[in-house]
Amino acid sequence: WTNAITLTSLGLRLEYEAMPFTTHIAPTPLLMIVADDDDITPTDLALAAFERAGEPKRCLLLHGDHYYPYRAGFAASSTAARDWFSRNLNS
């Protein structure tokens with residue numbers, strides 16, 4: 001496996017815009033796990049998307065970079081995800 005990205009993939013990534021759709025997610029439950037020092041998915045944009053989304057929603061803000069929730073913050077992020085899915089998929 002080569003850790004690389006094609007120009008086409010990069011172009012598509014740069015064109016991706018989720019913000020217009022955040023108001024249409026509800027009433028589907030939304031859990032966002034956001035890193036407060038994220039330089040890949042900017043924290044301010046993630047929090048703005050969360051604010052626009054309707055209920056039910058929850059945001060877990062963890063201190064760290066983009067990958068923190070998957071590494072050192074995994075216990076907190078996976079517990080929050082488990083609890084969220086248990087609460088919202090069992091109804």
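The values are calculated or read from the model by the stated rules, or taken from the named source; none is laboratory data. Keep in mind that this is a model prediction, so the values were computed, not measured. Virtual Cβ from ideal backbone geometry, glycine too; neighbours counted across all protein chains shown. With ligands, DNA and RNA removed, areas are computed over all heavy atoms of the protein, side chains included. Shrake-Rupley method; radii C 1.70, N 1.55, O 1.52, S 1.80 Å.
For residue 57, the residues whose amide H sits under 5 Å from its own are 30, ignoring neighbours fewer than 5 places away on the same chain, with H placed 1.01 Å from N. Looking at region 1-48, the chymotrypsin sites (Phe, Trp or Tyr not before Pro) that sit in a DSSP loop and have at most 10 other Cβ atoms within 10 Å of their own Cβ are 1, 16. The tail of the calculated P(r) for the chain beyond 19 Å holds 52 percent of all Cα-Cα pairs.
The angle between the Cα long axis of helix 43-52 and the longest principal axis of the Cα atoms of the chain comes to about 40 degrees, rounded to the nearest 10.
Counting heavy atoms of the protein chains alone, residue 9 has an accessible area of about 50 Å² for a 1.4 Å probe.
For the chain, the longest principal axis of the alpha carbon atoms and the long axis of helix 74-89 meet at an angle near 50°. When the chain is treated as a Gaussian network with alpha carbon springs shorter than 10 Å, the biggest mean-square fluctuation among 75, 49, 35 belongs to 75.
For trypsin sites (Lys or Arg not before Pro), the sites in the chain that DSSP calls loop and that have at most 10 other Cβ atoms within 10 Å are 71.
Each label was represented as a point 7 Å from its Cα along the Cα-to-Cβ direction; for residue 12 and residue 86 these points are 3.7 nm apart.
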